[in-house]
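One structure is given here, and the rest of the page talks about it.
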Amino acid sequence: MSREVSRRTFLRRSLAGAAAAVVGFDTVLRGWVSAAELRRGHFALAAGFPSFDGSLLTDGASLAAAADDFGHLVHRRPSAVLKPGSVNDVVEMVRFARRNGIKVAARGQGHSTQGQAQVEAGVVVDMSTLGAVREVNAADALVEGGARWIDLLQQTVPQGLTPPTLVDFIELSIGGTLSLGGIGSQSFRFGPQVDNVLELQVVTGAGELVTCSPSQNRQLFDVARSGLGQVGLVVGARVRLIPAPPNARLYEAFYNDLPAFLSDLETLIDDGRFDTVQGFAVSDGAGGWLYQLETTKYFAPGAEPNDAALLAGLSFTPGTQAAQDMPYFDYLNRLAPLVAFLRQIGAWAFPHPWVNLFVPAANAPTFIGETLADLPAEDVGQGPILIYPFNRDKFTAPLFRVPDERHFFVFALLRNAVPPTPERAAGLVADNRALFERATELGGKRYPFDSVPMTRHDWQKHYQPAWGRLVSAKHTYDPDGILTPGQGIF
Ligand SMILES: Cc1cc2nc3c(=O)[nH]c(=O)nc-3n(C[C@H](O)[C@H](O)[C@H](O)COP(=O)(O)OP(=O)(O)OC[C@H]3O[C@@H](n4cnc5c(N)ncnc54)[C@H](O)[C@@H]3O)c2cc1C
């Protein structure tokens, strides 16, 4: 291509881009107006259309992407997608949306499974363009809300620092996980990520940029954490850091017996001999299940862990244990090879009707045992089944609802719908609902990024006794009810 042709192509594209740029919102047609449309017609434009540092997109590809998520079950098409170029863009967008009755939701990495970050005919704020790590200090880091945990770790781990507790999949957004809770293998000791954040910058539904922490605007801090995007968009977070270990020794061992497995998991979070504790159910290939313990011990070279002492007294099947050493970052990023493989074979794009429940420890053997006894392996489609415990007293954020018992377990069926048809996915969502009802009867709670249809009554029950706090915060911080309708709470 000659230099002249490429210059002409570039100019044509730029002009087309400028013509397509959104310059207003028609209050009668309730649609966005581009520069080209404005030149051709008359519109009842809303006053005060912001001038964005980033871009407001209305092209088909951007809208279709924002109408999908990791679940691929629910598709609500927004009317525009904001890629903010600054925090001020988010403030201006929320204020404009509020004045004009437009719904708004933040989208982190779109890893919800049931449309939680989607908005029919509203604006999706794609937080990935606010993804900077602003500061790394000795005991904390300041990040933008759209940054991912991996972005932060890539800066902190080489400096010998880490957040105390991490999600298993570190490509999730920090703002998205803090809006949910953020659990992982270290949470039995350090609690969820919402208990390890020191300060948040939030753009409320009233369009105010507010800094909140335990000592400043405490009420907002308590409802923004695990607030499911109901009161504001998290545009910044100060995250706690602690020294990072150099290495991790990852242990695995298998059990045939569920009660023995659950009992050992509880022992391990009580005695704290390991640094991480997780577990899984895996198909035994003959219609039943085996239970896999996965733990780690951190260490520095020259001070390797004592395997025999660490595994002493546990009742896994002898001979099934194995250990593997790896750098700490590789442990945190342990899902990356699997995710790359699932992407490669197309399974990442399958419908994911996931169900993620928290079950009180006293009822876990019955609930998990009965569920697995009735669960054909095909109904998870080779997706993982998580079973691991937490200490209740490490979960202090008032809106992170978990069972009220000293120990509780996560029990999650991270299903791939196979075959990947809408009918198959709908059947599995109905199964999720039945599991949710049974778990709730037994004092369980749902971790609400998964795929369980909920009524308003279910939400009230879910939040009790904090429902009143959420309702009152919603009125205060999102007075026109424009934020995050995809959660279906209000
Ligand atoms: C493969 C995979 C692995 C996962 N592993 C874990 C895990 O180990 N531990 C765990 O706790 N969870 C895990 N999750 C669930 C995950 O935490 C949630 O999906 C969570 O919502 C964060 O993902 P996200 O950044 O993609 O947020 P999204 O799905 O984009 O958003 C989630 C919700 O939060 C809102 N939101 C997003 N960003 C913001 C913001 N900045 N401010 C306010 N509201 C916002 C959205 O509107 C939406 O309602 C996993 C999910 C997947 C698909």
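The values are calculated or read from the model by the stated rules, or taken from the named source; none is laboratory data. What you see is a predicted model, and the numbers here were worked out from it, not measured in a lab. Positions of Cβ are backbone-derived with ideal geometry, glycine not excepted, and every protein chain shown enters the neighbour counts. To get the accessible areas, we keep the full protein, side chains included, count just its heavy atoms, and leave off ligands, DNA and RNA. Shrake-Rupley method; radii C 1.70, N 1.55, O 1.52, S 1.80 Å.
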Principal axis dimensions, the range 247-455 - Cα atoms, whole angstrom, descending: 55, 41, 36
Surface per residue (accessible, 1.4 Å probe) for the range 333-490, Å²: 41
Mean-position separation - Cα centroids, the range 114-146 and the range 58-81, in angstrom: 18
Segments 198-205, 386-393 sorted - mean Cβ within 10 Å per residue, highest first: 198-205, 386-393
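Quick check: net charge around S62, other residues with Cβ under 9 Å of its Cβ, Lys/Arg +1 and Asp/Glu -1?
Combined, the nearby Lys, Arg, Asp and Glu give -1.
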By accessible area with a 1.4 Å probe, ligands and nucleic acids excluded, highest first: order of S451, S51, S79: S51, S79, S451
Placed amide H near V125: partners under 5 Å, 5+ positions off or other chain: L82, A105, A106, R107
Exposure of E120 as accessible area (Å², to 10), given a probe of 1.4 Å and all protein chains: 110
Rel. contact order, % - alpha carbon contacts under 8 angstrom, at least six apart, the chain: 16
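Just the ratio, please: alpha-carbon radius of gyration of the chain over 2.2 N^0.38 Å, N its number of residues.
1.03
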Calculated [θ] (222 nm, deg cm²/dmol) that DSSP helices of n ≥ 4 give over the chain, each run adding -39,500 (n - 2.57): -9000 deg cm²/dmol
Solvent-accessible area of T129 with every protein chain in place, 1.4 Å probe, in Å² to the nearest 10: 60
Farthest toward positive dipole pole in the chain [+1 Lys/Arg, -1 Asp/Glu at C-beta], among A323, G488, F436: G488
Cα long-axis angle, helix 336-345 against the chain (0 to 90 degrees, to the nearest 10): 70
Average accessible surface area per residue within the range 131-244, 1.4 Å rolling probe, Å²: 28
Partners for K445 among lysines (Cα-Cα distance below 27 Å; same-chain residues under 8 apart left out): K394, K461, K474
0 to 90° range, to nearest 10: angle between helix 422-441 axis and the chain longest Cα axis: 60
Sequence of E92, E208 when ordered by accessible area, the most exposed leading, probe 1.4 angstrom: E208, E92
Cα-based equivalent ellipsoid of the range 74-140: semi-axis lengths in Å, sorted from largest, via gyration tensor: 25, 17, 9
Positive dipole terminus of the range 247-455, leading residue within F341, G313, L265 (C-beta point charges): F341
Positive-end extreme of charge dipole, the range 314-468 - chosen from I387, A425, Q464 (charges on Cβ): Q464
Partners for K83 among lysines (Cα-Cα distance below 17 Å; same-chain residues under 8 apart left out): K103
Protein accessible area in the chain, 1.4 Å probe - carbon and sulfur %: 54
Between the range 204-255 and the range 309-341, the alpha-carbon center distance in angstrom: 27
